[in-house]
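Single-structure report; data block below.
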Amino acid sequence: MALRSIHQIGTLFPATNCNDHSSHSRVPTSTAAVRAVPTAAILRSRFSNREREEVMVSSLDRVGRSFSLSCSASTAAVEEEEKGGYRSGVGVFVMMALDSVTMGNKVNRRKAMEVSFQAMKGAGVEGVMVDVWWGLVEKERPGEYNFGGYEDLLGMAAKYGLKVQTVMSFHQCGGNVGDSCTIPLPKWVVEEMEKDPDLAYTDQWGRRNLEYLSLGCDNLPVLKGRTPVQCYADFMRAFKHNFNHLLGNTIVEIQVGMGPAGELRYPSYPEQNGTWRFPGIGAFQCFDKYMLSSLKAAANVAGKPEWGSTGPTDAGHYNNWPEDTQFFKKEGGGWNSTYGEFFLSWYSQILLDHGDAILSHASSIFKPSSVKISVKIAGIHWHYGTRSHAPELTAGYYNTRYRDGYTPIARMLARHGAIFNFTCIEMHDHEQPQNAQCSPEKLVRQVKLATQKAHVPLAGENALPRYDEYAYEQIVRASREMCAFTYLRMNTQLFEEENWRRFVGFVQKMKEGKNGHRSWDEKKKQQVEKLVPNLPSETNLFQRA
């Protein structure tokens, strides 16, 4: 688990629009969703920069004090449940802002962060998710790691009793959906990519994608004498060495980044410079010399050397629909031909091999501790109702109407005891554009069956920021088969009074497990009301404009 429009409001958290970095299911929120309106403009007009920060921290401080009173009661209730042996709930983690650690390797908005941690703990949140950026930690020179900002941040989480899911973020932040800041790959890696542009994923038109190193060079010593996979493994070893004392207690999960936005996939639908727009089918990313070399070798082994010179060139453009293309159309499309089976099998298999190689190192490195390992898979639900499932195919998931593409992924994860983390858990089919044949609910059901078949734990995330009961109820229902849930994301909209009230109720329902799946009576509603602080109206950062 990966961290795809957002602008920063004040000095607290980035405000988040309907599309966020950690998910890649791109649709408008439903009309039933609550749309929060931040008051940053009002604050700018009434206060200076310093005064605004004081207002924000003051408001959050009131949240923290109120929640500290409820925290002990909430924790005691959970402990009582566990003693009784009947706790079956799902813990909720909350994703932190992408720039929680600055480019200078310091905790960003430290005062506000501490108070928000108090609020989260009081609300019953299990913990937080933090991106540990390769581009920040091993920034200047290979093999030199600086975890300074993360030491402070993880120390703060431990102080307030919050567990942490840490994401090994080997991708670039910036230029993808929901990226609120820019954190490039390490400087020395970028220099090598400038020398050899084929280290970047490449489409058939020669467009390079700098979000993540092409997996075609995974096992080649192209990074100052090391292979990319060796660099990822060395980074994880350095992380373990630095935070070994927190593994298994504060740090309970390592989500291993494996592609753009931290997800195991190809960068087939990049939004940078308007390249891709929802619900386009995306484009294959196999035209750098390293990927083509692998394709050529596979074609020779298959006895079809003519298939190894290039990837499909009749698969349309990023924003086409399946029936616009020769390769993806339902009748006579290349995807369902002998050649299509060869190419798609190769394209998806080397993605699986990429995940397998990195997980081999991750499981070996973290095996002695009790920390869990997870991998994020993108919830690509658009055009799911078509025969070819084109957007999934270009992303590397060989899933069509006639072939299950998620069981092979689940089985690969099972070999390493890893968790299958999946997005779009909150979505309903009828909320999506029907002409694009979107089916997030059917997709989630397919993934659940795949994980059950492979005996792999399933965890979930919401694909879009949602603050309404309708989305929360969908998550609660889906959580029956999940081991954990991570909510996207900590920001100013979440802390607006009505949004926060609903969120606290949602967290309590998730913690109750089976009991949380029935409608709440008035008594339970009153209990939740006690968990929600009354913020001062004059200086409440989170009130609506």
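The values are calculated or read from the model by the stated rules, or taken from the named source; none is laboratory data. Since we're looking at a predicted model, the values are computed, not measured. FYI the Cβ positions are ideal-geometry reconstructions off the backbone, even for glycines, and counts take in every protein chain you see. All accessible areas refer to the heavy atoms of the entire protein, side chains included, with ligands and DNA or RNA removed. Shrake-Rupley method; radii C 1.70, N 1.55, O 1.52, S 1.80 Å.
See the values below:
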read-out: Filter result (in a helix (DSSP H, G or I) and either open to solvent by 10 Å² or more (accessible area, probe 1.4 Å) or charged (D, E, K, R) (or both)) within segment 118-142; value: Q118, K121
read-out: One residue from P322, P270, P279, P260 being touching a Pro at 6+ places or on another chain (Cβ under 7 Å) and closer than 24 Å to P433 by Cα; value: P279
read-out: Test: D356 is under 20 Å from F170 (Cα atoms) and surrounded by fewer than 24 Cβ atoms within 10 Å (Cβ to Cβ); value: yes
read-out: For G379: the one exception among (1) within 20 Å of R445 (Cβ to Cβ); (2) of a type in the set (G, A, S); (3) part of a strand (DSSP E or B); value: (3)
read-out: Looking only at segment 106-117, and only at residues there that are of a type in the set (K, R) and part of a helix (DSSP H, G or I), the one that is farthest from T250 (Cα to Cα); value: K111
read-out: Exclusive hit being touching a strand residue (DSSP E or B) at 6+ places or on another chain (Cβ under 8 Å) and either among the hydrophobic types (A, V, I, L, M, F, W, C) or at pLDDT 95 or above (or both), set F278, F284, F327, F239; value: F239
read-out: Meets criteria (surrounded by fewer than 24 Cβ atoms within 10 Å (Cβ to Cβ) and within 21 Å of G355 (Cβ to Cβ)) for R401; value: no
read-out: Tabulated pairs, segment 330-355, first part of a helix (DSSP H, G or I), second open to solvent by 80 Å² or more (accessible area, probe 1.4 Å), C-beta under 8 angstrom, 6+ apart or interchain; value: G334/Q326; N336/Y402
read-out: Residue that is nearest to Y150 (Cα to Cα), among those in segment 99-113 that are more than 21 Å from the chain's Cα centre (by Cα) and open to solvent by 40 Å² or more (accessible area, probe 1.4 Å); value: K106
read-out: D152 being in contact with a helix residue (DSSP H, G or I) (Cβ under 9 Å, 6 or more places away or on another chain) and charged (D, E, K, R); value: yes
read-out: Filtered residue count, segment 261-275, keeping only those that are at pLDDT 95 or above and within 19 Å of Y406 (Cβ to Cβ); value: 7
read-out: Criterion violated by T394 - all others in (1) buried (at least 24 other Cβ atoms within 10 Å of the Cβ); (2) assigned to a loop (DSSP other than H, G, I, E, B); (3) among the polar types (S, T, N, Q) satisfied; value: (2)
read-out: Single residue of segment 253-310 satisfying the filter (assigned to a helix (DSSP H, G or I) and basic (K, R)) that is farthest from V167 (Cα to Cα); value: K296
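Condition check ((1) modelled with pLDDT under 95; (2) open to solvent by 10 Å² or more (accessible area, probe 1.4 Å); (3) within 23 Å of the chain's Cα centre (by Cα)) across all residues:
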{"site": "Q434", "(1), (2), (3)": "yes, yes, no"}
{"site": "C438", "(1), (2), (3)": "no, no, yes"}
{"site": "V507", "(1), (2), (3)": "no, no, yes"}
{"site": "K511", "(1), (2), (3)": "yes, yes, yes"}
{"site": "N534", "(1), (2), (3)": "yes, yes, no"}
